[in-house]
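Peer 1: The structure that follows is given in the form of C-alpha cells.
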Amino acid sequence: MPTDLPDAYALLRVLLAALGPVGDVSGRAEQIVAETAIPNASLWQQLVGETDYHGVTLLMAPIVGARLRTSPGIISDDARRSYFALAIRHRQLAAIREAAVDRLLAGFAAAAIPIILLKGAALAHLIYSSPELRPMLDIDVLIDRRHAEAAVRIASDLGFVFASRHGSKFAGRSHHIPVGEMVQSGFRLFLEIHIEALHLDQPRRLNLSNLASKPRPFDRGAGPAGLALGHTDMLRHLAGHAFDHAHRIRLIHLYDLWRYQAIFNDQIDWREIETRFGYVMVVLRLVSQVFAGAAAAGATPVPAGLGLAMIPLSEIAASDMSLRDKLGAIFNPPAFWLHGFYGVPPEQSLWVCRIVRHPAMLARWLLARAAGWAGLAGDWNWVSAFNRRPRSLGDSS
C-alpha cells in the first residue's frame with residue numbers, strides 16, 4: 001500500500017479499495033488498518049471531515065475505530081468525538097428515512113401508482129449489508145409523468161411539504177418535481193419525485209418510456225418490498241448520476257458502481273451494455289482507476305483531474321472567480337469528468353469533445369437557462385396546481 005498519499009481524498013480511495021467491491025464492508029477493519037499502515041497523522045485527522053462529503057462515514061467508522069485502537073492519538077479528541085457523534089446521527093437518520101420509505105411505498109401501493117426507488121433508496125438494500133451504510137441526502141423515486149399530481153397529493157398526505165417551484169431558474173429546468181420536505185424526530189427528510197431519472201443537463205434520457213427492461217422487485221427487510229431499475233437501467237442511471245456537475249465526484253457514487261457491477265456481474269447483460277450503452281463501460285473503467293489505479297485498466301493512462309467534476313453553472317455564475325477563471329471552469333473542465341460525462345474511452349483524445357461536443361452542450365444548457373429566465377421553459381406545475389386546490393378539513397396541512 002502507498003504511504004506517501006497527497007491528501008485525505010487519496011487515503012479514502014485507498015481504504016475503499018481495501019474494503020473491496022463485494023462482501024461485508026464492515027468486518028475487516030483491523031486487517032485493513034494493518035495492511036494500509038499509513039502513519040501520516042494529518043491525513044487521518046483530515047479524513048474525519050472528508051468522509052461526510054463523500055457519503056462514507058459509516059463505511060469508514062470501523063476502520064477509524066480500529067486505527068484509534070492501534071494509535072490512540074492519531075486523531076484529536078475533538079475530531080474523534082465529532083466523527084462518532086456524526087456516525088450516530090447517520091444511524092438514527094437511516095432508521096427514520098427507512099420508515100418514511102415504508103409509508104411512501106404503502107401510500108403509492110394503495111393508490112395503485114407504480115413507484116421505482118432510485119439511487120440510495122434501492123442500493124441501501126441491494127448492495128449493502130445494512131441500509132445505514134448507504135446514506136443519502138434525499139429519497140429519490142421515479143414515476144410516470146401522468147401520475148405527478150397524484151404523487152404530490154400522496155406525499156403531502158404523508159407530511160411532505162413541497163416548494164411551489166424550483167429554487168433557481170439558472171439551474172435549468174429540473175428533472176423532478178420541486179423538493180418535498182418534512183421533519184421527523186428533529187431530522188429533515190427530503191423527497192425528490194422524478195419524472196426523468198437523470199438531470200436534463202445530461203446528454204442522455206432515462207425515464208419509464210425508454211427503460212431497457214422491466215423494473216424488478218427487491219426485498220427491504222421488515223418493510224414493504226420495493227421496485228428497482230433493472231440491471232442495465234441501474235447502471236445507466238448510476239453512471240450518468242455519478243458524473244453530474246459537482247466540485248468533486250462523491251466517492252459513494254463511484255463505490256456504488258464498483259459494488260453493483262461486482263455483486264451482480266453474472267446477472268448483467270454485458271453484451272447489451274457494450275452494444276447499446278457503451279458510455280457505461282467507459283464509466284466503469286474510470287471507476288476501476290479510482291479504486292485500483294492504472295494497473296486495473298492495463299496500460300490505459302488515468303485521465304488528468306481524477307475525481308474532479310465540472311462545477312455547476314449556477315455556482316460558477318454566483319462565484320467570485322475572475323472572468324478568466326469562470327471561462328476556464330466552463331470551457332475547460334477536468335479531463336476525468338469529460339471522459340465520464342461524454343463516454344469517451346480514456347485512451348482516446350478529448351480533442352473533438354473539447355472543440356465540438358462540449359461547446360455544443362454548453363449552448364444547449366445556456367439556451368435552456370435563458371428560456372427559464374424568460375419564462376418560456378415550462379416548470380413542473382403540479383405542485384402549484386395542487387396547492388391552489390381547496391382541501392377538506394380532513395386533508396393534511
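Peer 1: Report the calculated FRET efficiency for Ser322 and Thr275 (r = Cβ-Cβ distance, R0 = 51 Å), to the nearest 0.05.
Peer 2: 0.65
Peer 1: In µm²/s, what is D for the chain at 20 °C and 1.002 mPa s, where D = kT/(6 pi eta Rh) by Stokes-Einstein and Rh is the Kirkwood radius from Cα pairs?
Peer 2: Using the Kirkwood radius from Cα pairs, D works out to 95 µm²/s.
Peer 1: Working from the pairwise distances between different alpha carbons, so that the mean of 1/r is found and then inverted, what is the stretch 218-370's Kirkwood radius in Å?
Peer 2: Hydrodynamic radius (Kirkwood, Cα only) of the stretch 218-370 equals 16.9 Å.
Peer 1: Report the residue, chosen from Gly55, Gly73, Gly159, that carries the largest GNM mean-square fluctuation when the chain is represented by alpha-carbon nodes joined by springs under 10 Å.
Peer 2: Of the options given, Gly73 has the highest mean-square fluctuation.
Peer 1: Also: Please go through the stretch 33-82 and write out the trypsin sites (Lys or Arg not before Pro) that DSSP classes as loop and that have at most 15 other C-beta atoms within 10 Å.
Peer 2: The qualifying sites: there are none.
Peer 1: What residue among Asn210, Ile311, Ala329 has its Cα farthest toward the positive end of the dipole of the stretch 194-334, where the charges are +1 on Lys, Arg and -1 on Asp, Glu, each on the Cβ?
Peer 2: Asn210
Peer 1: Mind checking which of Leu123, Leu327, Leu86 has the largest fluctuation in a GNM of the chain, springs on alpha carbons under 10 Å?
Peer 2: Leu327
Peer 1: Kindly work out what percent of the DSSP beta bridges joining two residues of the chain are antiparallel, to the nearest 5.
Peer 2: 80 percent
Peer 1: Name all residues of the stretch 45-87 having a backbone nitrogen under 14 Å from the label point set 7 Å from the Cα of Ala34 along its Cα→Cβ direction, giving them as ranges.
Peer 2: So the set is 66-67, 70.
Peer 1: Still on this structure, please answer the following. Within the set of other residues whose C-beta is less than 13 Å from the C-beta of Pro334, count the net charge using Lys and Arg as +1 and Asp and Glu as -1.
Peer 2: +2
Peer 1: A further question on this structure: Percent of Cα-Cα pairs more than 20 Å apart in the stretch 1-75, please.
Peer 2: Distances greater than 20 Å cover 18 percent of the Cα pairs.
Peer 1: If you don't mind, there's one more thing I want to ask. Neighbouring Cβ atoms within 10 Å as the yardstick, rank Lys119, Lys214 fewest first.
Peer 2: Lowest count first: Lys214, Lys119.
Peer 1: For a quick check, take a GNM of the chain with Cα springs below 10 Å and name the residue from Val287, Val352, Val141 with the largest mean-square fluctuation.
Peer 2: Comparing Val287, Val352, Val141 in the GNM, the peak value goes to Val352.
Peer 1: Give me the number: length gained by fully extending Val356 to Ile263, i.e. 0.36 nm times residue separation minus the C-alpha to C-alpha distance, one decimal in nm.
Peer 2: So the chain would gain 29.7 nm between Val356 and Ile263.
Peer 1: Separate question: Which value, in debye to the nearest 20, describes the size of the charge dipole of the stretch 231-379 about its Cα centre when Lys and Arg Cβ atoms bear +1, Asp and Glu Cβ atoms bear -1, and nothing else is charged?
Peer 2: 340 debye
Peer 1: Treating the beta-carbon of each Lys and Arg as +1 and of each Asp and Glu as -1, no other charges, what is the dipole magnitude of the chain about its Cα centre, to the nearest 20 debye?
Peer 2: In debye, rounded to 20, the chain gives about 820.
Every number here is computed from the coordinates shown, using simple stated rules; none is lab data. Just so it is clear, the structure is predicted and the values come from calculations on it, not from any experiment. Here the Cβ is made from the backbone with ideal geometry for all residues, glycine too, and neighbour counts use every protein chain on show.
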